[in-house]
Amino acid sequence: MSLDELARASAEALRRSVERATPDERPLARARRRRPASAVAVALLLAVALASASLWVRANAPERPGQLVAPTVPSTTPAPGQRPGSWRRLQNGPSGLWVDQMVWTGTKALVFAGADHSQSKVNGALYDPGRDRWQRIRRGPLDWRVDAAVAWTGQRLLVWGGGRDVPLERAGGAYDPATDAWTPIAAGPLQPGGVMAAAWTGRELLVWRDAHRGAAYDPQRDSWRRLSAAFPLPQADRYRPAVVWTGREVIIWGGCDNRVPQCDDNFQSDELRDGAAYDPARERWRRIPDGPLAPRSNHIMVWTGREVLVWGGVSTDAGDLYLADGAALDPATGEWQPLPSAPIPGRDRHVAVWTGQELLVWGGCCAGGTGLLADGAAFRPS
């Protein structure tokens, strides 16, 4: 008897055992037969399971008789020249945040928002990738702003500068997620305003207002010093390039040419696709090779410990205004590799961080005319 015939016979036996009892006997018969009926039911379920297994074997067995194989898994082989890896979506976070930076605290991603819909004080949120959950942080004492210098020291989030329609103070603030509290930091030597680039070296916060004005903040001494080296590229002054610290150098790439009057207008800007690396120990710059990506600004860049990952941004030179592509750069060799397609739409002014295992991308603005975004995705290289 086949497995399918055994399943049908077991079901028929159970039906007849109940029908043979008279109407007056059926309640008692059901009680007396509860255990045997349960046994038949178990046999029925076992038979159905075995029948399903038989069907699976017939559907998935290879041509060679007697060999059992697992179902086929879709291939994740990258396209030729593409960086191997995969994306996943993140839980949506708080809405209405005009985000400036995301940093990794060691266990959570901390997002700094220079403004939100209320436009009162700076604020932000914490994201736990292990639980895929968000929580708000305490609003800071600093007035709202955009394009501030933001960095994580290993214990505190440093915030300085930024621009808005009124003059801002030269002092900044530091946020401690362990206590959910803010404290002031010393006033800087630079005129407050939108920051071209900023990075944490492990000892100092480096800040460039433009290609010729830079300063370094030491949180241990709560003091500043000026930087002397100028940016080496032809279009030196640029707006919203991506910046990352590799452990030895600060890499700046992309942005739009600040000499163009409409550089702060995403729809009429002159984006760039070049970059440079700065060695703070020697106070020297070097150029890095151009990559396969279209010119862009308002994109993100993170350091994985081995390579730089770039994603998103805005470009009037590309077919899509808001870009959803990216690439990986090996700064030691100057070689680039495109990233796989992401499961979220293109955007600008988003934030990102490297967790030690994944690139987290979140927030941003304006993809599809939707305004401030609250979704994100994670990319895991393989």
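What to note about this one:
- Long-range amide H partners of Ala115 with built H, under 5 Å: Trp98, Asn123, Arg145
- Residue-wise HN-Hα coupling along segment 177-182, computed from phi with Karplus coefficients 6.51, -1.76, 1.60 (Hz; x: Gly, Pro): x, 5, 10, 6, 9, 10
- Counted by Cβ distance under 12 Å from Trp182, the other residues give a net charge of +2, where Lys and Arg count +1 and Asp and Glu count -1.
- P(r) histogram, all alpha-carbon pairs of segment 179-330 included - 5 Å bins from 0, percent: 2, 9, 19, 21, 19, 14, 9, 5, 1, 0
- Other residues with beta-carbon under 13 Å from the beta-carbon of Gly202 carry, at +1 per Lys or Arg and -1 per Asp or Glu, a net charge of -1.
- Overall form of segment 85-381 per C-alpha gyration tensor (a/c, 1.5; a/b vs b/c): rounded
- Between Gln357 and Arg287, the distance separating the two model label sites (each 7 Å from Cα on the Cα→Cβ line) works out to 4.1 nm.
- Each residue of segment 85-98 was assigned a 3J(HN,Hα) from its phi angle through the Karplus curve 6.51 cos²θ - 1.76 cosθ + 1.60 (θ = phi - 60°); the sequence is x, 9, 10, 9, 7, 9, 4, 4, x, x, 8, x, 8, 8 Hz, with glycine and proline shown as x.
- Each Lys and Arg adds +1 at its Cβ and each Asp and Glu adds -1 at its Cβ; summed about the Cα centre, segment 85-381 shows a dipole of about 760 debye.
- Summing Lys and Arg as +1 and Asp and Glu as -1 over all other residues whose Cβ lies under 10 Å from the Cβ of Gly334 gives a net charge of -2.
Readers should treat all values here as calculations from the given coordinates under stated rules, not as data from a laboratory. For clarity, every value in this text was computed on a predicted model and none was experimentally measured. Every residue, glycine among them, receives a Cβ derived from its backbone with ideal geometry; neighbour counts consider all protein chains shown.
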